[in-house]
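Here's the structure we're looking at; comments come further down.
The values are calculated or read from the model by the stated rules, or taken from the named source; none is laboratory data. This is a predicted model, so every value here is computed, not measured. Every residue, glycine among them, receives a Cβ derived from its backbone with ideal geometry; neighbour counts consider all protein chains shown.
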Amino acid sequence: MMTAPAPRNFAARWLAPLAALAMLGGCVATPMADVTRFHLGQPVPAASISIVPIKAMEHILEYRSYAEVVAPEFTRIGFTPVPNDGLSTYIGVLKVEQTSREGEISRSPITVGIGGGSFGGGGGIGGGISLPIGGGSGNIIRTNFLGLEIRRRSDNSIVWEGRAEQSVSGSDKLASLASAVPVLARVLLADFPGKSGQTVRVKAQ
């Protein structure tokens with residue numbers, strides 16, 4: 001005659017999977033970023049590059065620290081960052097922006113095109129910068145943005161452009177631009193030049 005399984009073993013068989021599910025439910029979501037790159041489908045030979053701000057960032061004190069963070073990422077992919085003395089092969093036009101709102105984190109639509117002005121006014125990466133606005137009740141969401149254009153100095157033509165954007169809780173460590181910019185620069189220039197016209201969602205932490 002068959003005997004019923006011991007109650008303890010029966011309970012263990014069911015409690016173990018439930019415990020694993022409970023652990024997964026308690027995990028903190030990994031910050032993600034939407035990354036889009038555009039280029040002409042031709043090689044972008046590594047050479048000297050000067051990192052400059054968009055016009056709206058020229059007088060922002062934090063710009064220099066952002067440029068210093070982006071420069072090593074260019075070095076990693078073979079470029080040579082140099083001062084903007086008019087002699088570099090390329091100009092890297094940098095835009096950093098952060099906006100704040102109340103609500104839930106959602107994915108923003110992304111449109112980028114070579115010289116298409118999709119980054120804001122005037123063509124290419126244009127537009128202004130919006131720094132954190134504090135306070136308010138409810139859930140504060142910070143949206144961090146890093147945009148780059150690589151222009152050929154000889155004729156000012158754009159050979160590559162891209163953007164990385166992420167939304168995080170106001171309490172997240174990446175809610176600070178000082179923390180977010182190194183992460184966004186890394187994911188934006190990873191696998192350079194990347195697939196043109198494709199938006200990918202990647203881990204950014």
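Report, by residue number, each residue of region 82-101 that is surrounded by fewer than 20 Cβ atoms within 10 Å (Cβ to Cβ) and either at positive phi or not in a loop (DSSP other than H, G, I, E, B) (or both). Gly86, Ile91, Gln98, Thr99, Ser100, Arg101, listed by residue number.
Considering Ile150, Ile141, the condition of being modelled with pLDDT under 95 and not in a loop (DSSP other than H, G, I, E, B) is satisfied by Ile141 alone. Within region 30-76, restricting attention to residues that are among the hydrophobic types (A, V, I, L, M, F, W, C) and part of a loop (DSSP other than H, G, I, E, B), the residue that is surrounded by the most Cβ atoms within 10 Å (Cβ to Cβ) is Ile54.
Val187 - would you say it is of a type in the set (Val, Ile, Thr), in contact with a Lys or Arg (Cβ under 6 Å, 6 or more places away or on another chain) and either buried (at least 21 other Cβ atoms within 10 Å of the Cβ) or modelled with pLDDT of 90 or more (or both)?
Taking the combined requirement at face value, the residue does not satisfy it.
Out of everything in region 158-184 that is of a type in the set (D, E, K, R) and within 11 Å of the chain's Cα centre (by Cα), what residue ends up being surrounded by the most Cβ atoms within 10 Å (Cβ to Cβ)? Filtering first and then ranking leaves Arg163. Among the conditions (1) in contact with a helix residue (DSSP H, G or I) (Cβ under 7 Å, 6 or more places away or on another chain); (2) charged (D, E, K, R); (3) modelled with pLDDT of 90 or more, Glu161 misses just one, which is (1). Tallying residues that are of a type outside the set (S, T, N, Q), over 21 Å from the mean Cα position of the chain (by Cα) and modelled with pLDDT of 95 or more within region 47-90 yields 3.
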